[in-house]
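Participant: Take this structure first; my questions come after.
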Amino acid sequence: MRLRDELPVDHALATVYRVGAALCGAVLLVFGCLGFADGLGFFETDGARVAGMSSNGLLSLISLCVGLLLLGGAVVGGNAASTLNMIVGASFLLSGFVHLFLLGRPANILDFGMSNVVFSFVMGLLIVTFGMYGRVSGGLPHDNPYWRSRHPEQARREAGVRGPAVGGPVSTRPRSALPAGPARKAEGRR
């Protein structure tokens with residue numbers, strides 16, 4: 001079973017995923033471009049500041065690449081943008097934790113300062129929220145495409161009561177009136 005086969009494709013939430021990826025990607029692109037415009041050395045760790053955070057050429061390059069990746073996800077949209085947002089957001093959160101322990105140590109090759117760690121946490125939470133929006137919740141509304149995808153039988157029953165069927169024909173007989181045994185199994189496969 002593939003994850004992409006389990007995710008609905010036609011939903012209005014794709015706009016949220018696209019906008020989130022585009023906004024966060026644009027912020028990272030601006031940060032990366034400002035770092036390159038300042039002519040920072042690739043592995044400098046002398047505390048050069050860009051937009052209130054310490055940076056170097058390597059961090060600028062990574063920011064540009066991730067920004068372009070998020071913008072690419074915004075162009076593709078849909079489930080791809082949502083999944084990409086969740087992965088990139090989780091990576092930012094992980095990076096924040098890792099660099100929190102690397103502050104003031106020689107292994108801090110990206111020249112992270114505390115402002116970078118805070119930015120990493122905030123940006124990670126923002127990106128992952130855009131990615132999970134409408135997909136992850138215990139109380140999704142029944143018209144949400146992810147809820148319908150996870151509960152097809154109930155979605156068909158509710159669609160039969162409210163209007164046209166979602167995903168195929170629905171029996172109009174009450175559930176208690178369905179025959180027992182093999183005939184009932186055949187009825188459920190239609």
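The values are calculated or read from the model by the stated rules, or taken from the named source; none is laboratory data. Remember, it's a predicted structure, so these values are computed and weren't measured experimentally. Positions of Cβ are generated from backbone atoms using ideal geometry, with glycine treated the same way; all protein chains shown enter the neighbour counts. SASA here: full protein model, heavy atoms, side chains in, ligands and nucleic acids out. Shrake-Rupley method; radii C 1.70, N 1.55, O 1.52, S 1.80 Å.
Participant: Checking the a/c ratio against 1.5 first, then a/b against b/c, what shape does the Cα gyration tensor give for segment 45-90? Mind dumping the intermediate values first?
Facilitator: Details: a/c = 3.54, a/b = 2.82, b/c = 1.25.
It comes out prolate by the Cα gyration axes.
Participant: With a 1.4 Å probe and all protein chains left in place, how much accessible area per residue does segment 83-155 have, in Å²?
Facilitator: On the way: 3840 Å² over 73 residues.
Spelled out: the 1.4 Å probe surface of segment 83-155, per residue, equals 53 Å².
Participant: Mind ordering 98-108, 68-78 by average Cβ neighbours within 10 Å, highest first?
Facilitator: Details: 98-108: 12.5, 68-78: 18.2.
Highest to lowest by the protection proxy: 68-78, 98-108.
Participant: Let me ask something else. Please give the peptides 24-32, 86-94 ranked by average Cβ packing (other Cβ atoms within 10 Å per residue), highest first, as a rough proxy for protection.
Facilitator: Working: 24-32: 20.4, 86-94: 18.0.
The peptides rank, most packed first, as 24-32, 86-94.
Participant: Over segment 23-144, with every protein chain in place, what whole percent of the accessible area is carbon and sulfur at 1.4 Å, could you tell me? Mind showing how you got there, number by number?
Facilitator: Numbers: 4520 of 5950 Å².
Answer for segment 23-144: carbon and sulfur cover 76 percent of the accessible area.
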